[in-house]
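Quick note: the coordinates plus some simple rules give every number you see, no bench work behind them. These figures come from a predicted structure and were not determined experimentally. Heads up, the Cβs are rebuilt from the backbone with ideal geometry, glycines too, and the neighbour counts pull from every protein chain shown.
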Amino acid sequence: MTISDQINRLKEEKDAVILAHYYVPSEVQDIADYVGDSFYLSKVATELDCSAIVFAGVQFMGESAKILNPEKRVFMPDASADCPMAHMVDPGKIDSVRAENDDLAVVCYINSTAETKTLSDVCVTSANAVKIVQDLPQKNIFFVPDQHLGSFVAQQAPDKKVILNDGFCPIHHQLTREEVLKAKAEYPDAPFLAHPECPAEVLAEADYIGSTTGIIKHATESDAKEFIIGTATGVFHDLERKNPGKKFHAVISRQTCPDMDKVSLEKILDTLENETGEVFVSDEIREKALIPLERMLEMSK
Ligand code: 13P
Ligand code: SF4
């Protein structure tokens, strides 16, 4: 029996569903029941009829799935797979910005800890951040933790005063305008599609800016035959699957998310077999963190 057969057998036995982000290794995406961006996966997590969720992703994703589904058991194949940006918020800073600004909403990127969510008014993902910020009644927005998504939102929602935090995703933050220009010189016919976690100087060179789902959809609908991709290269699996005749280039050679890369078929099998990596969130945190997550789902309709 192959490892995939074993996983499928155990999945049925334990009434489990596997969710996977586009950044995890290809073979993990292939075994998953649902593959998508952070928004899609959080929405799917509220619609599942199963006893257990195995989340092939990083901690904030498993945590959000548990917050949205307290009655289900949620497992992470590698509990140490974590998003470093999720921790780049100082709770004391949130308190002081709240104290200094009237008419303020704290908007937290879903790439954040459950504790940060308890201090926030609404969550967003890269797919809905602009729309949600535009639709908020407050004039002042404290956007945490990502400075780059925050500054992209500020640019797209000029009626708002967006206060930025200093967090960043190490994978997107390392990209520079110079490297993008180099890639454009090498592939002059390739549009540059970038994730809004990239720095502003990189986004200024982009032909399209969007979430991982947005990038895949844009490339699939485009007539262009090759593309330069400004996000983690895990998306190449779905890009290539949906676009057999098209070519995809990274901006630089090390453009993968090391934490997403920790997820493997062996670890998924171990999780299902031995029930390792279960996610627990205290009732107190869960009840408060649920509010901004549910508000995001409501405001995205
Ligand atoms: P999306 O899933 O919203 O495209 O964001 C990418 C990301 O960095 C997830 O950690
Ligand atoms: Fe976090 Fe960046 Fe990895 Fe996404 S790609 S999980 S933001 S470290």
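Each residue of the stretch 72-85 was assigned a 3J(HN,Hα) from its phi angle through the Karplus curve 6.51 cos²θ - 1.76 cosθ + 1.60 (θ = phi - 60°); the sequence is 9, 8, 10, 10, 10, x, 10, 5, 8, 6, 9, 9, x, 4 Hz, with glycine and proline shown as x. For residue 17, the amide hydrogen comes within under 5 Å of the amide hydrogens of 52, 53, 54, counting only partners 5 or more places away or on other chains and with H modelled in the peptide plane. In this simple spin-label model, placing a label point 7 Å from the Cα along the Cα-to-Cβ direction at both residue 176 and residue 13 gives a separation of 5.3 nm.
When we measure straight from the Cα of residue 161, which aspartates and glutamates land under 15 angstrom away, once same-chain ones fewer than 8 places off are left out? Straight-line reach from residue 161, under 15 Å: 100, 102, 103, 135. Of the peptides 27-37, 234-244, 140-150, the order by per-residue mean of other Cβ atoms within 10 Å, starting with the highest, comes out as 140-150, 27-37, 234-244. Note on the chain: antiparallel DSSP beta bridges, both residues inside, total approximately 5 percent of the bridges counted. Placing pseudo-labels 7 Å out from each Cα toward the beta carbon at residue 270 and residue 69 gives an inter-label distance of 2.2 nm. What the Kirkwood sum gives for the stretch 196-280 is a hydrodynamic radius of 14.9 Å, with every pair of different alpha carbons counted. Packing around the peptides 208-218, 40-50, taken as the average count of other Cβ atoms within 10 Å per residue, puts them in this order, highest first: 208-218, 40-50. Two numbers describe the Cα atoms of the stretch 83-196: Rg and Dmax, which are 15.5, 50 Å. Applying a DSSP loop filter and a limit of 13 other Cβ atoms within 10 Å to the GluC sites (Glu not before Pro) in the stretch 254-301 leaves 275. Simple spin-label estimate for residue 297 and residue 97 gives 2.5 nm between the two label positions (7 Å along the Cα-to-Cβ direction from each Cα). Computed over the chain, the convex hull of the alpha-carbon atoms projects to a mean area of 15.6 nm².
Calculated [222 nm] ellipticity per residue, helices only, for the chain: -12000 deg cm²/dmol; basis is -39500 (n - 2.57) per DSSP H run with n ≥ 4, divided by all residues, nearest 500. The H on the amide N of residue 146, modeled in the peptide plane, is under 5 Å from the matching H of 109, each at least 5 residues off or on a different chain. In this structure, the amide hydrogen of residue 248, modeled 1.01 Å from its nitrogen in the peptide plane, lies closer than 5 angstrom to those of 227, counting only residues at least 5 positions away or on a different chain.
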